[in-house]
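Below is one structure, written out as structure tokens, with a few remarks after it.
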Amino acid sequence: MVVSPCTADVHTHAETMARPDPMPVDGGVSWRPLALDALRVRQIAWVVLSVFGALALVNVFRERWMSAVFDAGVVALLLLTLWRNARGQSTQAIQLMVLSLALGLAALMFAGQGLYDEAPMAYPTLVVLAAMLGARRLTRALVLFLLASLVLVFVLDQNGILPSIQDSPPWIRLAELALILLVTWMLVQMISNDLTQAIAQLESEKRALLVSRQEIERLVHSDALTGLPNRLLGRDRLEQLLVQRVEDGRIVAVVFLDLDNFKTINDSLGHAAGDALLLQVAVKLRSVLRDTDTVARISGDEFVILLGNLKSEHGIATVITKLTRVFREAFNVNGMDVLVTASMGITVSPRDGEDVDRLLKNADLAMYDAKESGRNTFRFFNTGMNDSVAEQLHLAAGLRTALGNGELCLHYQPQIDFEAGRIVGAEALLRWQHPERGFIPPATFIPVAERCGLIHEIGDWVLRQACLDAQSWREQGLGDLTVAVNVSPLQLRREDFDVVVATALAASGLPGDALELELTESSLVLDTRDLVDMLQRVRRHGVRIAIDDFGTGYSNLGYLRRLSVHRLKIDRSFVDRICADANDEALVRAIVEMAHCLNLSVVAEGVEDAAALQRLRELGCEFGQGYYWSPAVPEVDFVTLVRTKVL
Ligand code: C2E
Ligand code: MG
Ligand code: MG
């Protein structure tokens with residue numbers, strides 16, 4: 001068992017709370033701000049005893065026998081106080097002390113100058129002392145007694161019964177007043193020290209209580225072995241995500257993950273090894289997920305992963321890929337490499353449910369489905385999703401090896417200058433020839449490459465290859481052909497993208513102005529200073545920028561100026577219906593006019609027939625590409641096309 005320091009704290013605190021009451025001064029009241037210990041009682045008793053002892057001697061010396069007797073009586077009572085106190089009877093000791101002081105002061109008043117005596121001046125101190133002890137009944141009784149003594153002296157004085165007032169000589173009066181002041185000061189000082197200590201102790205107990213409460217809170221909500229949120233906190237987080245989901249309309253996914261062979265490991269290597277493994281799994285799971293995602297350990301080898309704020313279900317595939325990767329490598333347990341696999345069940349809100357219990361239950365059911373399907377896999381509660389996510393994972397896995405296996409290649413689609421009536425360049429379009437599945441279109445695998453991060457590796461290769469090919473055309477005497485390369489928004493966000501471009505140009509020897517980068521409007525949505533800087537750095541190499549699929553995305557055209565764009569590529573969808581739809585024609589006309597005003601040239605994408613070509617030329621469009629001339633073809637065929645000029 002893990003014993004936390006806080007548990008010890010809790011004990012300390014509990015002990016403090018259970019400590020026997022050291023001083024029940026009187027039976028009635030329990031609240032007591034000041035707990036006088038035996039030492040303090042002894043100190044006070046000795047101070048007062050010394051004072052009354054001295055007074056007794058002075059009175060004997062002055063032959064004021066009655067006062068001397070009273071003083072001696074008080075001394076006797078104080079001795080009794082000390083005796084009781086020494087025997088551990090502090091309650092009685094305190095009562096005796098207060099009683100002796102009250103009697104002593106009253107006696108001094110009777111024997112002295114009555115209401116004009118100094119003794120009643122010490123009454124308030126006595127009351128304060130009694131009150132500070134928290135002994136309310138005692139204090140009440142004391143106040144009554146002191147008041148009664150004052151009234152009695154008054155009555156006796158009025159009736160002439162009081163012994164004739166004996167005036168003290170001034171030095172005695174001075175000494176008495178000074179003594180009262182000193183004793184009062186000493187008592188108040190002691191009480192104030194005790195109070196300060198009591199407050200400090202209360203403060204430290206409060207702090208300890210706060211710390212232990214926080215620790216209890218943590219222990220209640222976290223798993224002792226891994227420190228991850230436990231079932232309780234996991235449920236709580238899911239609850240919050242679902243509330244949030246209703247507000248932002250996004251998607252929440254719950255992944256129920258169960259280790260496949262944990263029991264075997266536990267049984268064969270022992271529980272300590274099992275714990276070590278669980279800890280490593282927890283750390284790895286945590287490390288592959290975002291801080292905003294929750295990983296909770298809900299029991300033994302079961303974890304729940306909560307993904308909130310998802311825009312689409314595609315995001316889930318990315319996370320499943322990461323989770324699968326966690327179990328691809330062996331875990332090192334006690335110096336041994338242990339391979340563990342996991343089965344995952346996934347449920348998605350709102351589609352599969354909108355409350356915590358239902359979602360957890362559905363994810364659990366899906367996890368069992370995964371186990372039954374042979375383990376080491378995942379299953380969606382909604383079986384329809386299995387195929388699409390499995391497909392994405394399959395594609396991602398295939399893409400990883402596609403480059404190395406030469407399955408990826410570039411095809412080139414010629415770009416035509418209408419005026420010159422010849423091919424002036426080509427757009428490089430990526431092709432994947434999958435060994436089993438045949439041709440996979442870029443619209444299918446580029447988004448997967450973007451999601452699994454392979455787009456950088458693939459994009460770099462495309463740039464290098466396109467530059468090499470374009471330079472080889474020049475070297476073959478095909479003219480100053482340009483090459484256009486599609487760039488993913490993710491590539492643009494890379495800090496060293498300009499270096500990648502420069503390297504591709506340098507490695508091929510292609511002049512910068514023969515390379516055109518096609519950016520989609522969507523990559524310009526994040527029109528940040530970084531993007532502007534990056535494009536400026538790229539342009540320093542002479543590279544041109546074209547906006548692909550123009551007209552389909554972004555409406556704020558300010559970027560055309562800021563980013564120093566060279567060309568607009570009118571999206572195929574407008575060109576397609578240019579002869580059939582007056583609106584599309586109007587749009588193309590507007591784009592061409594705007595482009596010319598901004599000194600940009602225009603390429604029409606997807607020109608499929610002569611009528612469209614005719615219309616585009618009439619509208620002032622200068623360049624085009626499309627099936628009318630040629631689809632994208634392998635590099636050798638493109639070279640033949642240019643050579644034969646068969647368009
Ligand atoms: P895109 O850049 O707009 O490419 C034009 C697409 O239109 C190409 O599709 C091309 O084959 C097709 N096309 C050209 N002329 C015609 C025509 O007359 N009629 C019709 N119906 N289609 C025509 P593809 O090759 O399937 O590429 C699709 C998209 O995939 C590209 O759109 C581009 O966004 C992306 N892509 C292709 N290669 C790469 C690449 O290397 N990197 C990146 N990031 N994206 C790429
Ligand atoms: Mg393009
Ligand atoms: Mg396009």
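The values are calculated or read from the model by the stated rules, or taken from the named source; none is laboratory data. Worth saying up front: this structure is predicted, and the values here are computed from it rather than measured. As a convention, Cβ positions derive from the backbone with ideal geometry for all residues, glycine included, and neighbour counts pool all protein chains shown. What goes into the accessible areas is simple: the full protein's heavy atoms, side chains included, and nothing from ligands, DNA or RNA. Shrake-Rupley method; radii C 1.70, N 1.55, O 1.52, S 1.80 Å.
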Notebook entry, point to check: In the range 517-533, is there at least one residue being within 16 Å of ligand 3 (Cβ to nearest atom), open to solvent by 20 Å² or more (accessible area, probe 1.4 Å) and free of Cβ contacts under 8 Å to residues at least 60 places away in the same chain?
Noted result: yes
Next item on the list: Those residues that are in contact with a helix residue (DSSP H, G or I) (Cβ under 7 Å, 6 or more places away or on another chain) and over 24 Å from L490 (Cα atoms), I need them from the range 398-433; list them, please.
Entry: P414, F418, I423
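Check whether at least one residue in the range 222-237 is more than 27 Å from the chain's Cα centre (by Cα), assigned to a helix (DSSP H, G or I) and of a type in the set (A, V, I, L, M), and report yes or no.
Within the range 222-237 (the criterion being more than 27 Å from the chain's Cα centre (by Cα), assigned to a helix (DSSP H, G or I) and of a type in the set (A, V, I, L, M)), the answer is no, since none of the residues qualifies.
Conditions (1) over 48 Å from the mean Cα position of the chain (by Cα); (2) within 22 Å of Q625 (Cβ to Cβ); (3) modelled with pLDDT of 85 or more; (4) not in a helix (DSSP H, G or I), marked per residue:
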| site | (1), (2), (3), (4) |
| --- | --- |
| S523 | no, yes, no, no |
| I545 | no, yes, yes, yes |
| D549 | no, yes, yes, yes |
| S555 | no, no, no, yes |
| E585 | yes, yes, yes, no |
| A590 | yes, yes, yes, no |
| H596 | yes, yes, yes, no |
Check: Only one residue in L105, L101, L79, L174 is in contact with a Pro (Cβ under 9 Å, 6 or more places away or on another chain) and within 19 Å of L57 (Cβ to Cβ). Which one?
Finding: L105
Check: Which condition does R451 not pass, out of (1) near ligand 1 (Cβ under 10 Å from one of its atoms); (2) within 30 Å of L557 (Cα to Cα); (3) charged (D, E, K, R), if it passes all the others?
Finding: (1)
Next item on the list: May I ask you to list pairs of residues, at least six apart or on different chains, whose Cβ atoms are under 8 Å apart, with the first in the range 563-576 being more than 13 Å from G626 (Cβ to Cβ) and open to solvent by 20 Å² or more (accessible area, probe 1.4 Å) and the second being of a type outside the set (V, I, T) and within 14 Å of ligand 2 (Cβ to nearest atom)?
Entry: H566/E516; H566/R544; H566/A546; R567/E516; R567/R544; R567/A546; R567/F623
Note to self: Please determine whether any residue of the range 462-470 is surrounded by 14 or more Cβ atoms within 10 Å (Cβ to Cβ), in contact (Cβ under 8 Å) with a residue 60 or more places away in the chain and of a type in the set (S, T, N, Q).
What the structure shows: no
Next item on the list: Give the number of residues within the range 598-637 that are of a type in the set (F, W, Y), over 55 Å from the mean Cα position of the chain (by Cα) and open to solvent by less than 50 Å² (accessible area, probe 1.4 Å).
Entry: 1
Next item on the list: Could you tell me which numbered condition V532 fails, if it satisfies all but one of (1) in contact with a helix residue (DSSP H, G or I) (Cβ under 9 Å, 6 or more places away or on another chain); (2) more than 16 Å from ligand 2 (Cβ to nearest atom); (3) modelled with pLDDT of 90 or more; (4) of a type in the set (A, V, I, L, M, F, W, C)?
Entry: (3)
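Having 3 or more residues that are of a type in the set (K, R) is the bar; report the helices (runs of 4 or more DSSP H) wholly within the range 252-350 that clear it.
So the answer is none; nothing clears 3.
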Check: Restricting to the range 486-516, what's the tally of residues that are over 36 Å from the mean Cα position of the chain (by Cα), open to solvent by 40 Å² or more (accessible area, probe 1.4 Å) and away from ligand 1 (no atom under 14 Å from the Cβ)?
Finding: 6
Check: For the subset of the range 605-636 comprising residues that are in a helix (DSSP H, G or I) and out of contact with any Phe, Trp or Tyr (no Cβ under 8 Å at 6 or more places or on another chain), which member is farthest from D548 (Cα to Cα)?
Finding: V636
Next item on the list: Mind listing whichever residues of the range 60-76 are open to solvent by less than 40 Å² (accessible area, probe 1.4 Å) and closer than 18 Å to L49 by Cβ?
Entry: S67, A68, D71, G73, V74, V75
Notebook entry, point to check: Looking at this structure, is L55 open to solvent by 20 Å² or more (accessible area, probe 1.4 Å) and in contact (Cβ under 8 Å) with a residue 40 or more places away in the chain?
Noted result: yes
Notebook entry, point to check: Among T377, T347, which is the only one that is open to solvent by less than 40 Å² (accessible area, probe 1.4 Å) and modelled with pLDDT of 90 or more?
Noted result: T347
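When the range 578-599 is examined, which residues are found to be of a type outside the set (G, A, S) and more than 16 Å from ligand 3 (Cβ to nearest atom)?
C579, D581, N583, E585, R589, V592, E593, M594, H596, C597, L598, N599
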Next item on the list: Tell me, please, whether a residue that is open to solvent by 50 Å² or more (accessible area, probe 1.4 Å), within 30 Å of R297 (Cβ to Cβ), touching a residue at least 12 places away in the same chain (Cβ under 8 Å) and not assigned by TED's automatic domain parsing to the domain that holds V127 can be found in the range 189-208.
Entry: no
Note to self: Only one of V602, V575, V639 is in contact with a His (Cβ under 9 Å, 6 or more places away or on another chain), modelled with pLDDT of 90 or more, within 21 Å of L429 (Cβ to Cβ) and outside any loop (DSSP other than H, G, I, E, B). Can you tell me which?
What the structure shows: V602
Item checked: Number of the exception - I265 against (1) open to solvent by less than 20 Å² (accessible area, probe 1.4 Å); (2) modelled with pLDDT of 95 or more -> (2)
Note to self: Name the residue that is farthest from L339 (Cα to Cα), counting only residues in the range 354-374 that are part of a helix (DSSP H, G or I), open to solvent by 40 Å² or more (accessible area, probe 1.4 Å) and not basic (K, R).
What the structure shows: D357
Item checked: Pairs where the first residue, in the range 212-228, is over 15 Å from A282 (Cβ atoms) and the second is in a helix (DSSP H, G or I) and polar (S, T, N, Q), C-beta under 9 Å, 6+ apart -> S212/T7; S212/T12; E215/T7; L219/T7
Next item on the list: Scan R544, R577 and give me the residue that is assigned by TED's automatic domain parsing to the domain that holds H456, in contact with a Leu (Cβ under 8 Å, 6 or more places away or on another chain) and within 16 Å of ligand 1 (Cβ to nearest atom).
Entry: R544
Next item on the list: Considering only the range 425-445, state which residues are within 16 Å of ligand 2 (Cβ to nearest atom) and buried (at least 18 other Cβ atoms within 10 Å of the Cβ).
Entry: G425, A426, E427, A428, L429, L430, F445
Notebook entry, point to check: Could we say that G620 is within 16 Å of ligand 2 (Cβ to nearest atom), at positive phi, free of Cβ contacts under 8 Å to residues at least 60 places away in the same chain and out of contact with any Leu (no Cβ under 6 Å at 6 or more places or on another chain) here?
Noted result: no
Check: What are the residue pairs meeting all of these: first residue in the range 625-636, first residue free of Cβ contacts under 8 Å to residues at least 40 places away in the same chain, second residue open to solvent by less than 20 Å² (accessible area, probe 1.4 Å), Cβ atoms under 7 Å, and 6 or more apart or on different chains?
Finding: Y628/V607
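In this structure, is A582 open to solvent by 10 Å² or more (accessible area, probe 1.4 Å), away from ligand 2 (no atom under 16 Å from the Cβ), closer than 22 Å to C621 by Cα and in the same structural domain as L454 (by TED's automatic domain parsing)?
Here the answer is yes, as A582 does meet what is asked.
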